[in-house]
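Engineer: Before I ask anything, let me first share the structure, which is written out below as structure tokens.
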Amino acid sequence: MTILVVGRSGQLGQSLLTALPRQYPDAVFWDRQALDLVQLETIAERLAGLKPQIIINASAYTAVDMAEQETELAYAINRDAVNELAGYCARNDAALIHVSTDYVFDGAADAPYLETAATNPMGVYGASKLAGEQAIAASGCRHLIIRTAWVFSPFGQNFLKTMLRLGGERDELNVVADQIGCPTFAGDLADAIVATLTTINAGTCPWGLYHYAGDAAVSWHEFAHEIFAQARSTGLPTPNTLNAIPSSNYPTPAPRPAWSVLDSGKFEAAFGQSGSNWRAGVSACLQALNQPTE
């Protein structure tokens, strides 16, 4: 069975590079040099050359604010390239595992979002990701769409690494406290994806749309507080003052959902993987980032 991971260099791709070969040592990982998703006309040919039976799409255009300006690029990667991947899978009886986002919602809810909740993205990023979901469903291919949220890891750029950097530079930080969500450790998300492969191989996969995110909802301010509490215990520099501010004090080009809590119960029931223990994930990240480089 040939498994292809698209998006090798991202947070999830790097995490899958650790998790997936433990059970599937022959898995193939492609970065942008191997498959440029912007070059839509090349995707089908590249896939036909490899003949993957399962494609894990860990790639995306994720620059939420830049998407408001780079609309065409966001849709090219998040919708049109996804449509090409799904089309290949439909034509060749392959399966597609695709990662989506909490930004398909408007944040107006007051209870964790189920997969059946109505979508209403507020910005280009969320709208382009939703369009990708719709393209997959319309293709008729066997698929798993996994929405996640607030992903962090030792790799790339993310909130945890930004907080650690700023905590080493400043004595006082302001962090938004009125946006609530579920931080998700990319290592846990990678393990969750690997768990789905067992059912795919057995021919018992319950295909469809799922949510997988952190096991406890917090604000960005509370998330930062936990990061610094753990960082302080390892001797890393942290700010003396962490202020909670409203999002109105930190305007961004793209609006963010105020309530971004995803219910992972359906995924756990189907695949036996509980929501990400993100506090343990923070510890794992700090350990990885504190390892000396050779």
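Engineer: For Cα pairs less than 8 Å apart in space and 6+ apart in sequence, what is the mean separation divided by the residue count of the chain, i.e. the relative contact order in percent?
Structural biologist: Relative contact order for the chain comes out at 21 percent.
Engineer: Using the Cα centre as the reference, give the magnitude of the dipole from point charges on the C-beta atoms of segment 13-104 (Lys, Arg: +1; Asp, Glu: -1; all else neutral), rounded to the nearest 20 debye.
Structural biologist: 460 debye
Engineer: Looking at the chain as a GNM with Cα springs under 10 Å, which of Gly208, Gly49, Gly181 has the largest mean-square fluctuation?
Structural biologist: Gly49
Engineer: Just the accessible area for Val38, please: 1.4 Å probe, Å², rounded to the nearest 10?
Structural biologist: Result for Val38: roughly 50 Å² accessible.
Engineer: Kindly provide the helix-only [θ] at 222 nm of the chain, computed as the sum of -39,500 (n - 2.57) over DSSP H runs of four or more divided by all residues, to the nearest 500 deg cm²/dmol?
Structural biologist: So the helix-based figure for the chain works out to -12000 deg cm²/dmol.
Engineer: Along the charge dipole of the chain, Cβ charges K/R +1 and D/E -1, which of Gln23, Ala94, Val194 sits furthest on the positive end?
Structural biologist: Final value for the positive-end residue is Gln23.
Engineer: Say the dipole of the chain comes from +1 at the beta carbon of Lys and Arg and -1 at that of Asp and Glu; which of Ala117, Ala44, Ala127 then lies farthest toward its positive end?
Structural biologist: Value computed over the given set: Ala44.
Engineer: If the chain between Arg232 and Lys51 were fully stretched, how many nm would it gain, using 0.36 nm times the residue separation less the Cα-Cα distance?
Structural biologist: Taking Arg232 through Lys51 to full extension adds about 60.3 nm, to one decimal.
Engineer: Positive end of the charge dipole of the chain (Lys, Arg +1 and Asp, Glu -1 on Cβ, about the Cα centre): tell me which of Phe105, Ser9, Phe159 has its Cα farthest that way.
Structural biologist: So the residue we want is Ser9.
Engineer: With no solvent and one point on each alpha carbon, what is the Debye value of log10 I(q)/I(0) for segment 1-142 at q = 0.11, 0.14, 0.19, 0.20 Å⁻¹?
Structural biologist: -0.41, -0.66, -1.15, -1.24
Engineer: Can I ask one more? Is the chain best put as rounded, prolate or oblate by its Cα gyration tensor, with a ≥ b ≥ c the root eigenvalues, rounded for a/c under 1.5, and otherwise prolate when a/b is larger than b/c, oblate when not?
Structural biologist: Prolate, because a/c is 1.5 or more and a/b exceeds b/c.
Engineer: Moving to a separate point now. Using a 1.4 Å probe, what is the accessible area per residue for the chain, in Å²?
Structural biologist: Per-residue value: 44 Å².
Engineer: Using +1 on the beta carbon of Lys and Arg, -1 on that of Asp and Glu, and nothing else charged, what's the dipole of segment 111-235 about the Cα centre, debye to 20?
Structural biologist: Result for segment 111-235 is approximately 360 debye, rounded to the nearest 20.
Engineer: Compute the helix-to-body angle for 40-50: its Cα long axis versus the longest principal axis of the chain, expressed 0 to 90° and rounded to tens.
Structural biologist: 70 degrees
Engineer: May I ask you to give the percent of accessible area on the chain that is carbon plus sulfur, with a probe radius of 1.4 Å?
Structural biologist: Roughly 48 percent, rounded to a whole number.
Engineer: Among the Cys residues of the chain, which have no other cysteine Cβ under 4.7 angstrom away?
Structural biologist: By the Cβ distance rule, which asks for a partner under 4.7 Å, the isolated cysteines are Cys182, Cys205, Cys285.
Engineer: Suppose each label sits 7 Å from its Cα in the direction of the beta carbon; what would the Thr198-Ala111 distance come out to in nanometres?
Structural biologist: It is 3.1 nm.
Engineer: Let me ask another. Relative to the longest principal axis of the chain, what angle (0 to 90°, nearest 10) does the C-alpha long axis of helix 186-202 take?
Structural biologist: The two axes meet at around 20 degrees.
Engineer: Next question. If I take R0 = 51 Å and measure r between the Cβ atoms of Arg91 and Asn277 in this structure, what FRET efficiency does the formula 1/(1 + (r/R0)^6) give, to the nearest 0.05?
Structural biologist: About 0.85, to the nearest 0.05.
Engineer: Rounded if a/c is under 1.5, else prolate if a/b is larger than b/c, else oblate: which is segment 5-65, with a ≥ b ≥ c the root eigenvalues of its Cα gyration tensor?
Structural biologist: Oblate shape, in that a/c is at least 1.5 and b/c is the bigger or equal ratio.
Engineer: Another question, then. Under the 0.36 nm per residue contour assumption, what length would be gained going from the current alpha-carbon distance of Val38 and Thr241 to full extension?
Structural biologist: Gain in length upon complete extension: 68.8 nm.
Engineer: Restrict the search to segment 13-53; then list the trypsin sites (Lys or Arg not before Pro) that DSSP places in a loop and that have at most 15 other Cβ atoms within 10 Å of their Cβ.
Structural biologist: Arg32
Engineer: Follow-up question, since we're still on this one. Give me the extension gain from Ser9 to Val28: residue separation times 0.36 nm, minus the current Cα-Cα distance, reported in nm with one decimal.
Structural biologist: 5.6 nm
Engineer: Sticking with this structure for a sec: Is the shape of segment 66-107 rounded, prolate or oblate, going by the alpha carbon gyration tensor and its root eigenvalues a ≥ b ≥ c, with a/c under 1.5 for rounded and a/b larger than b/c for prolate?
Structural biologist: It is oblate, given that a/c is not under 1.5 and a/b is not larger than b/c.
The values are calculated or read from the model by the stated rules, or taken from the named source; none is laboratory data. Remember, predicted model here, so these are calculated numbers, not experimental data. When we count neighbours, we look across all protein chains shown, and the Cβ atoms used for this are built from the backbone with ideal geometry, even at glycine. What goes into the accessible areas is simple: the full protein's heavy atoms, side chains included, and nothing from ligands, DNA or RNA. Shrake-Rupley method; radii C 1.70, N 1.55, O 1.52, S 1.80 Å.
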